[in-house]
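Single-structure report; data block below.
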Amino acid sequence: MKIPFSTSLLCAVLSACGTTDPVVLSSDAPVQPGHQELDRGKAFRKAVVGYQLRGDGVDVTVEPDGLLVGTYLGKPFVGSWDYRRGRFCASLQEDDLRRAADRRCFRVVTLGRRVILHPVAEG
């Protein structure tokens, strides 16, 4: 399963770029009815986990075990993610999200086949 996304997603989700703009992804996951905030783990897993994200030099899979596995511009990486209290948090640099200096968190919203990540402050 493929979800195209831009390099700005890589920057926003997986590094310390500091952007506050939402990131919009296209998804080949089943169409989600209406505009839904994924504030429950079950809904998040159904819409995001197990899908491959791809685009602009990035190819990453959101693995069910909390790992992000993929390549960026042909270079392999292993990162991590978790979903708690309605927030998706991710790192491209650490497989232990608790130690990740580049940890970023987002609220996740779906609209049809789009997945929108809204950056949120830690804490």
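Using the Karplus equation 6.51 cos²θ - 1.76 cosθ + 1.60 (θ = phi - 60°), what ³J(HN,Hα) coupling, rounded to whole Hz, does each residue of the stretch 82-90 give in order, writing x for Gly and Pro?
8, 9, 9, 6, x, 10, 9, 10, 8
What is the extension gain from residue 114 to residue 67, computed as 0.36 nm multiplied by their sequence separation minus the C-alpha to C-alpha distance, in nm to one decimal?
14.7 nm
Can you give me the long-range amide H partners of residue 38? Hydrogens built in the peptide plane at 1.01 Å from N, cutoff under 5 Å, separation of 5 or more residues or another chain.
Distant-sequence amide H within range of residue 38: 108, 109, 110.
Quick note: the coordinates plus some simple rules give every number you see, no bench work behind them. The shown structure was predicted, so the numbers you read here are calculated from the model rather than taken from an experiment.
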